[in-house]
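J.: Have a look at the structure that comes next, please.
The values are calculated or read from the model by the stated rules, or taken from the named source; none is laboratory data. Nothing here was measured: the structure is a model prediction, and the numbers come from that model. Here the Cβ positions follow ideal geometry from the backbone for every residue, glycine too, while neighbour counts run over all protein chains shown.
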């Protein structure tokens, strides 16, 4: 049995993983730069109303076309597709730089650009989630995802701050030129991958392809438990993250913006620390569906406890704990999707998982926003957190039942053979 250091050493001796790792590093950093630079430029030059329209034009096609992106990821050669998408994002970033230098701040132009970015996101998100199991043996997938998610959460924590400094230093036009260069560098690393053709001989029409993905999710017992349970829990907590925490930070004594910064940093640090300590998580937890939901359960209970505290220190402590448990849980969730899914369905299953879970964010955010007019932020966090924890508990119980049936089936198969 290899230890964690042996797995890590073998990962970074693998040319394909190195290519994915550094390509994704450029993409994650470029994403943060893109969010900050685009939001700042539109808000500064055209105002808050225009910013809302541009961000909606970015997010709506991403949500609508995500399932199609999964079909494309399974249908076409992945290496070529990834390079084309990254090149397209780079061109769009440079196009935006041209709009800025010519002072073409016409709302329809920026909405059209945002629609293109959202469409490209819908194509690249399922593709990015399906790469690791195509180039690594199953035994290394969890450790590989741990490093990929360290990149992702590190970029979320530090990338926005770095982007803000860059925009302030070189201006929006300079920031978009840097974004274009980051995606070009990601293409260079991506080119080191071997050819990754689709794992099937025939191709049905796109509707049939998508049906095949949903059919697999329904037929695979573990995914049938994992995806709906995760989606339902997210319905209760996504709005808490985006609205409830902001309102809670505002109501704590002191500077509301500063409170939010401290709380967000605490959660981000918790995520990173949680992923780093994943190798010490007991195998019984890390290798089971019930264990995965137990980690989400502890994360959501910690989130709920924020609402019981009335001071910043307690809020930061509980938010750190929530991130500490959510970090390894999110890595194991991502790995489970990859391990339970055949290679030829990876794009579609990952797009379905993302679509039915994070696609609920606008619903969750709207509900929490509406309820905030009649309930305090603390109450919303308590109710939402414990409601999600209840769903997680059902996930723990159902996961144990599924695993007992699978074990019994394996024992029966071994007996008759």
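J.: Would you please list the contacts, defined by Cβ atoms under 6 Å and residues six or more apart or on different chains, that run from a residue in segment 44-70 that is without any contact (Cβ under 8 Å) to a residue 24 or more places away in the chain to a residue that is buried (at least 18 other Cβ atoms within 10 Å of the Cβ)?
T.: Cβ pairs passing all conditions: 51/42.
J.: Another question about this same structure. Please go through segment 235-280 and pick out each residue that is surrounded by fewer than 21 Cβ atoms within 10 Å (Cβ to Cβ), more than 17 Å from residue 327 (Cα to Cα) and at pLDDT 85 or above.
T.: The answer is 235, and nothing else.
J.: Here is a further query. Mind listing whichever residues of segment 101-117 are surrounded by fewer than 20 Cβ atoms within 10 Å (Cβ to Cβ) and touching a helix residue (DSSP H, G or I) at 6+ places or on another chain (Cβ under 7 Å)?
T.: Across segment 101-117, the qualifying residues are 101, 105, 107, 109, 111, 113, 115, 116.
J.: Could you tell me whether any residue of segment 61-76 is in contact with a helix residue (DSSP H, G or I) (Cβ under 8 Å, 6 or more places away or on another chain), closer than 27 Å to residue 103 by Cβ and at pLDDT below 90?
T.: Yes, segment 61-76 has at least one match.
J.: Tally time: how many residues in segment 301-316 are modelled with pLDDT of 90 or more and crowded, with 17+ Cβ neighbours inside 10 Å?
T.: Of the residues in that region, 9 qualify.
J.: Continuing with this model, one more query. Could you check, for segment 22-44, whether at least one of its residues is in the same structural domain as residue 123 (by TED's automatic domain parsing) and outside any helix (DSSP H, G or I)?
T.: no
J.: Given segment 270-360, what helices (runs of 4 or more DSSP H) lie entirely inside it while holding 3 or more residues that are under 25 Å from residue 398 (Cβ atoms) and touching a residue at least 60 places away in the same chain (Cβ under 8 Å)?
T.: Numbers: elements: 283-286, 289-306, 312-339, 346-358.
Ranges flagged: 289-306, 312-339, 346-358.
J.: Ok, one more. So which of 156, 125, 151 ends up being within 19 Å of residue 351 (Cα to Cα), under 21 Å from the mean Cα position of the chain (by Cα), part of a helix (DSSP H, G or I) and in contact (Cβ under 8 Å) with a residue 60 or more places away in the chain?
T.: Criteria check complete, one pass: 125.
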